[in-house]
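Nothing in this text is a laboratory measurement; each read-out follows from the coordinates by a stated rule. Remember, it's a predicted structure, so these values are computed and weren't measured experimentally. Here the Cβ positions follow ideal geometry from the backbone for every residue, glycine too, while neighbour counts run over all protein chains shown.
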Amino acid sequence: MKKIAILIFIILTILNTSQAQTTKTYLDSLITEALQNNPQLKAAQNQFLSSQKKIKQATAWDAPQIGVELYQVPVQSFPNPLKDNMETDYFIQQMIPFPGKLQAMGLSAANNAKMNEEQYNSLKNKIIKDLKTAYYEFYFVQRKIEINKENQELLKQFIEIASKQYQVGMGKQPDIIRAQTELSSLINDEVNLYKDKRDKETLLNTILNRPPYQPFVQIDEIYEDIPEWSFQQLLPVAFSNRPELKGMNFNIEMYKSELKASELEYYPDLMVRLMYKNMSDTKNDFWSAMVGVNLPFAFWSKDKYGGKVEENELNIKMAEEQYNSMKNMISYDVQNAVVKLETNRNLYNLNKNTVVPQAEQTLQSTLAAYQTGKTEFLMLIDAYRMLFMAKLDFYMSEMNLMQAEAQLEQAVGLSIPEIKAKLQ
């Protein structure tokens, strides 16, 4: 007998584990689908990919110029200007930037691309969090529909019991009417619950970029055992891995590169020109060359470059303050997520281990007492409502617990397994 009990326990454990893995696998598949198909995420991906293309643009020289100059062209030679002109010059010229300018602009473009990539990663985390939140809300609606159906069956039993009690003179007709009224209320609630279910399906489909009314499977289980971590443990991990903070750090580096480039604008760029002069009245054609520089320090143009330096210095200060502000926001996010996680974990355990079992026992004892005429039907209805609310509170605490887990993942910037790996 003992061996049979052990075998049954092993089978149930395997089935529960398999069911949990199947549920988690389904959620993982939805996350993968959202990351592949969400249009908002695709737009962000294209944005950071396009910003990567700007790096080569920023480090490339300006295109060279070629041209032809005609000298002393008589008016009567029109429309053939080459007919009687005295000289034809063919030239090519190139602007050569001062050493270091293009490198600084390239670093600025590279940091901008990295900042856009971190914004993309931040959006990924938000979409995962939004998907999980909607998924758990959909699960809660499914559980409410199940509880509603169970309660309808329970009230039908109450009506039958109250009718029998009335027939044998131990009950009252208002008891039957009261039970029928409760049943009608449940039927009305069921209509609204199915509407709420369709709304949650539409929200999930929107995140997944699916047709609005594509149905989802029945979700059997969402609960996962979540490790207990403190705020002090998680905050350094969040500072190291939160994409928003990484992106703001790249933003600071981008402005620093732009400052260096603007400071180099005080140094002149070089213009070189090579020209071939074709003389019409002589065979003595010849070459000429020209070298020139711009004068950024001229008194009528220096304010343009000085203003750019001052602008970038202020941009750096602005970006540094935004970085500090984001650190404060991340500290709040982590603390808030930890508090919510622990609060809902306690509520989940309390409802599961205490409130729901007590409400079930209360209903069973009250039902037995009513059948023997030891209590009123109102007490039975109260016990039923107590169990109804206890079950709803239990599943709500389960939903809130898993949503708090999703919030914690977004606050830290890593999934729960990744956080475990970091804190080992």
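Data overview
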quantity	calculated
Degrees between helix 377-412 axis and first principal axis of the chain (Cα, 0 to 90, nearest 10)	20
Kirkwood hydrodynamic radius of region 249-389, from inverse mean 1/r over distinct Cα pairs, in Å	24.0
Mean-position separation - Cα centroids, region 162-211 and region 89-139, in angstrom	53
Whole-Hz ³J(HN,Hα) from phi, Karplus 6.51 cos²θ - 1.76 cosθ + 1.60, for region 328-336, glycine and proline x	5, 5, 5, 4, 5, 4, 5, 4, 4
By average C-beta atoms within 10 angstrom, highest first, the peptides 410-418, 54-62	410-418, 54-62
Dipole in debye (nearest 20) - the chain, about Cα centre, beta carbon charges: Lys, Arg +1; Asp, Glu -1	820
HN-Hα J in Hz across region 181-189 - Karplus 6.51, -1.76, 1.60, θ = phi - 60°, x for Gly and Pro	5, 4, 5, 4, 4, 5, 4, 5, 4
Cut-off 14 Å between beta-carbons: net charge of the residues surrounding Leu341, Lys and Arg +1, Asp and Glu -1	-4
Dipole of the chain, positive end: most advanced residue of Leu208, Val68, Ala162 [Cβ charges, Cα centre]	Ala162
For region 251-264, 3J(HN,Hα) per residue [Karplus equation, 6.51 cos²θ - 1.76 cosθ + 1.60, θ = phi - 60°, Hz, x = Gly/Pro]	5, 4, 5, 5, 5, 5, 5, 5, 5, 4, 5, 5, 5, 6
Charge dipole (region 373-414, unit charges on Cβ, about Cα centre) - positive-most of Ala383, Met402, Val412	Ala383
Relative contact order (%) - criterion: Cα under 8 Å, at least six apart; region: region 19-423	23
Net +/- balance of residues flanking Met275 in space, Cβ distance below 14 Å, scoring K and R +1, D and E -1	-2
Charge context of Glu228, other residues only, Cβ under 15 angstrom, K/R +1, D/E -1	-1
Cα convex hull of the chain, projected area averaged across orientations, nm²	38.5
Packing-based ranking, highest mean first, of 355-365, 386-396 given that Cβ atoms within 10 Å are counted	386-396, 355-365
Estimated [θ] at 222 nm from DSSP helical runs (n ≥ 4, -39500 (n - 2.57)) normalised by residues in the chain, nearest 500	-25500 deg cm²/dmol
C-alpha long axis of helix 39-52 to longest principal axis of the chain, angle in °	30
Selected from Tyr135, Asn324, Gln119, residue furthest toward positive end of dipole (region 19-423; charges at beta carbon)	Tyr135
Part-to-part distance (alpha-carbon centres) for region 363-400 and region 409-423, which is given in Å	41
